[in-house]
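Visitor: Shown below is the structure under consideration.
Please treat every number below as a calculation from the coordinates, not as lab data. Quick caveat, the model's predicted, so the values are computed rather than measured. As a convention, Cβ positions derive from the backbone with ideal geometry for all residues, glycine included, and neighbour counts pool all protein chains shown.
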Amino acid sequence: MERPQIKLNSKLPNIGTTIFTIMSKMAADYNAINLSQGFPDFDCPDDLKKLVSHYINEGRNQYAPMPGLPLLRERISAKIEKLYGHNYNPETEINITAGATQALYTIISAVINSGDEVIIFEPAFDTYLPAIMANGGKPIPIPLSEKDFSIDWDRCKDSITNKTKLIIVNSPHNPTGSVINLADLKNLEEITKDTNILIISDEVYEHIVFDGNRHISISRSGELARRSFIVSSFGKTYHTTGWKIGYCAAPENLMSEFRKIHQFMVFAVNTPIQYAYADFMKNENHYLSLGFFYQKKRDLIINALKDSRFKLNKARGTYFQLLDYSGITDKNDYEFSEFLTKEIGVAVIPLSPFYSSDNKRKLIRICFAKRDEVLIEAAEKLCRV
């Protein structure tokens, strides 16, 4: 006789497996080119791998300090000050994390209590919503402009209540490739001044901005920096997404609360890789040239798709490009993504999982962090649609 299952009151009853897992599995099952999940199919720099091996062989294999290796935090602090003009104390205001996703979850866990409202801009990276809900918060989604995915600041202002605790900003933006500008910073300053509203600025693609533009970090504004957690990722910068190391920068009073959660969530992260990153960060050319590196790949895939039936506007940042298929089929984005994977041989991501409610737009996302020959082959397949 089969025993009944143990009953569990789920914190996330309507959340299933992430679309990235689903589409990557489908890509493998149907031997499709995987332009779905956002990771490079090329390796990280050889010198970086040699540094990791060096520190492993040197015996740097025990716990790092809970906030992270001091030298690495010093290098991060120096980079932020040089690029964005804001100084973070590496001892008290920077923390190394097990990837940016852990940083985001830790921040939300540290600051959100039951009933607190969190403003997110949709389409939004799919980590935000479940983290808010799991911590008892209430997501307040605001749609980005249908034309260019810019933020409607008037609507944001109108959505603020006495329960608003947090606003999450993401630039360069996943999945749309849009970026914020200095006017956006001014609007956010105006909306949050004289309030206790906090900000998460998800800047994991900070070095992947195109067409001669510069990344606009929230830390460039002193007014915003004092209420903000800045999150970034070594994985995106150094082609090492599988190493899962990121960081958070925030004023000391906010970082103190962050560390209360972080220390019991992961305590510390990979020691030899932290040493390796600290050394490799001295090579500023790698991250300073990253935008140019990925812009060539963006332009390659756009040029290769120019004779296709897809419509597109160039991504302004990240290594993602949206494709509008409204002139091809009436299928919803899930159905069309499945069709492309199974029948055409290219796995993509539907945009619906980035929304909290039904999404009717005919958009899919592709990742162009792939070898040129892979991008060309994928484009040839997509041009047959």
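Visitor: Kirkwood hydrodynamic radius (Cα pairs, Å) of the stretch 240-385? Mind dumping the intermediate values first?
Guide: Numbers: mean 1/r = 0.0544 Å⁻¹.
Evaluated over the stretch 240-385, this radius sits at 18.4 Å.
Visitor: Got a sec to turn the phi values of the stretch 101-116 into Karplus ³J(HN,Hα) couplings, 6.51 cos²θ - 1.76 cosθ + 1.60 with θ = phi - 60°, whole Hz, x for Gly and Pro?
Guide: Going residue by residue, I get 4, 5, 4, 4, 5, 5, 4, 4, 5, 6, 10, 9, 10, 4, x, 5 Hz, with x marking Gly and Pro.
Visitor: 5 Å is the cut-off here: which amide hydrogens, built 1.01 Å from N in the peptide plane, fall below it relative to Thr97, excluding neighbours closer than 5 in sequence?
Guide: Gly246, Tyr247, Cys248
Visitor: Of the chain, which part is the longest with no GluC sites (Glu not before Pro) in a loop (DSSP not H, G, I, E, B) and with at most 11 other C-beta atoms within 10 angstrom? Could the numbers behind the result be given before it?
Guide: Values: sites that count: Glu2, Glu58, Glu146.
Free of exposed loop sites, the longest segment is 147-385.
Visitor: Looking at the stretch 78-150, which trypsin sites (Lys or Arg not before Pro) are DSSP coil and have at most 14 other C-beta atoms within 10 Å of their C-beta?
Guide: Numbers: sites: Lys79, Lys82, Lys147; in loops: Lys147.
Listed in order of number, the matching sites are Lys147.
Visitor: If you put +1 on each Lys and Arg Cβ and -1 on each Asp and Glu Cβ, how big is the dipole of the stretch 46-282 around its Cα centre, in Debye rounded to 20?
Guide: Details: 24 positive and 28 negative charges, 110 e Å.
Charge dipole of the stretch 46-282: 520 debye, to the nearest 20.
Visitor: Under a 5 Å amide H to amide H cut-off, with H placed in plane at 1.01 Å, what residues pair with Lys138 once short-range neighbours are removed?
Guide: It is Gly115, Asp116, Glu117, Val118, by chain and number.
Visitor: Right, something else. I need the phi-derived Karplus couplings for the stretch 20-33: 6.51 cos²θ - 1.76 cosθ + 1.60, θ = phi - 60°, integer Hz, Gly and Pro marked x.
Guide: With coefficients 6.51, -1.76 and 1.60, one gets 5, 5, 4, 6, 5, 5, 5, 4, 5, 5, 10, 6, 8, 5 Hz.
Visitor: Based on DSSP, what percent of beta bridges with both residues in the chain are antiparallel, to the nearest 5? Display every interim value, and only then the final one.
Guide: Details: 17 of 37 bridges.
Here the share of antiparallel DSSP bridges comes out near 45 percent.
Visitor: Hey, what do the phi angles of the stretch 82-89 turn into as Karplus ³J(HN,Hα) couplings, whole Hz, using 6.51/-1.76/1.60 and θ = phi - 60°, x for Gly and Pro?
Guide: Result, ordered by residue: 5, 7, 10, x, 10, 9, 10, 5 Hz.
Visitor: Which order do the peptides 318-324, 237-243 come out in when sorted by mean C-beta neighbours inside 10 angstrom, highest first?
Guide: Ranking the peptides 318-324, 237-243 by packing returns 318-324, 237-243.
Visitor: Which lysines have a Cα lying under 27 Å from the Cα of Lys157, excluding residues fewer than 8 positions away in the same chain?
Guide: Partners within reach: Lys138, Lys147, Lys165, Lys186, Lys193, Lys360.
Visitor: Would you mind checking which residues have amide H under 5 Å from Ile200's amide H? H placed 1.01 Å from N; only 5 or more apart, or other chain.
Guide: Amide H to amide H, under 5 Å and 5 or more residues apart or across chains, Ile200 pairs with Ile167, Ile168, Val169, Phe229.
Visitor: Pop a pseudo-label 7 angstrom from the Cα along the beta-carbon direction at both Thr195 and Thr21 and give the gap in nm to one decimal.
Guide: 3.4
Visitor: How far is it, in nm, from the label point at Asn285 to the one at Glu2 when both lie 7 Å from their Cα along the line to the Cβ?
Guide: Result for the modelled spin labels: 6.3 nm.
Visitor: How far apart, in nm, are two points set 7 Å out from the Cα along the Cα-to-Cβ line at Glu257 and at Asp211?
Guide: Here the answer is 3.8 nm between the modelled labels.
Visitor: With a Cα-only, solvent-free Debye model of the stretch 46-282, what are the log10 I(q)/I(0) values at q = 0.12 Å⁻¹?
Guide: The computed values of log10 I(q)/I(0) come out as -0.65.
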